[in-house]
Amino acid sequence: MSVADLHTLTGAYAAHALDPAESAEFERHLADCPACAQEVAEFAATLARLGSAESVLPPGAMKARVMAALPAIRQEAPRTAPVRPAGPRPGRLRRAWPKLALAACLAVAAAAGGLAVQQHREADRARARAAAIQQQQNRFADLLAAPDARTASATAAGGAGVGTVVWSHSRGQAAFLASGMPAPAGDRTYELWFDDAGTMRPAGLLPGGDGSLVLSGALDGATGIGVTVEPAGGSAHPTGAPVMLLPFT
């Protein structure tokens, strides 16, 4: 594939629409092409915003409509050959039927109510996630708009995924964007570090292999950032070799 063709794949890569061979070739290209890395970062941020916009709050009147419809629901008769049971006589079944129907209606109502509560909680969580993503995106965009903002990109150890750091000395801030990095195991997370001339200072956690993070703390003379895989919740000091080092050059 020519370099010109590779330049056209930024959107497809951000949307995970490339096959494994194309993705591997494009990631090799990304390591040496800051322009494509920047486009991938912008596409990834846009896709995250579109995804968070799909969360929908269930209508508040849903439970009331379900309860109101229950009396009119007719239960179908069993679709089997008639067999005379050895249990209670038909007369007793007819007398017990209203109680059985009421119990069934109550069970349906309880299930509907539980579903509504669950959906409401899920909608609340989705709104909270969307708000957090939006806040990160706004801070990331604000940093990119700094007059002295600069970027650097690198491929993760093993060639899986690309990381881009954005920093501004006038703002005293840095941010990190990950794309296509392997997701850590359930009890692990990516941790970002400021590199203070060889001493690593905690700068925030990135749970997945895709996404952006405005680093915690000021630059304070840091010469770059590092990325390691740490236990969930993070560590005070790196516990393993960096999967990526990005200098402020």
* Look through Ala174, Ala185, Ala203 and report the one residue that is farther than 24 Å from Ala12 by Cβ, assigned to a loop (DSSP other than H, G, I, E, B), touching a strand residue (DSSP E or B) at 6+ places or on another chain (Cβ under 9 Å) and not assigned by TED's automatic domain parsing to the domain that holds Glu22. => Ala185
* Just one of Asp210, Asp195 is farther than 13 Å from His237 by Cα and among the acidic types (Asp, Glu); which is it? -> Asp210
* Looking at Phe43, is it assigned to a helix (DSSP H, G or I), crowded, with 17+ Cβ neighbours inside 10 Å and at pLDDT 80 or above? -> no
* Can you tell me how many residues in the stretch 210-244 are crowded, with 17+ Cβ neighbours inside 10 Å, in contact (Cβ under 8 Å) with a residue 40 or more places away in the chain and part of a strand (DSSP E or B)? -> 10
* Output the residue which, of all residues in the stretch 20-32 that are without any contact (Cβ under 8 Å) to a residue 40 or more places away in the chain and closer than 19 Å to Ala178 by Cα, is surrounded by the most Cβ atoms within 10 Å (Cβ to Cβ). => Phe26
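Residue-wise test of (1) under 29 Å from Leu18 (Cα atoms); (2) in contact with a Pro (Cβ under 8 Å, 6 or more places away or on another chain); (3) modelled with pLDDT under 90.
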residue: Gly161; (1), (2), (3): yes, yes, yes
residue: Trp167; (1), (2), (3): no, no, no
residue: Ala174; (1), (2), (3): no, no, no
residue: Gly204; (1), (2), (3): no, no, no
residue: Asp210; (1), (2), (3): yes, no, yes
residue: His237; (1), (2), (3): no, no, no
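The values are calculated or read from the model by the stated rules, or taken from the named source; none is laboratory data. Here the structure is a predicted model, which is why all the values come from computation and not from measurement. Cβ atoms come from the backbone with ideal geometry, glycine included; neighbour counts cover every protein chain shown.
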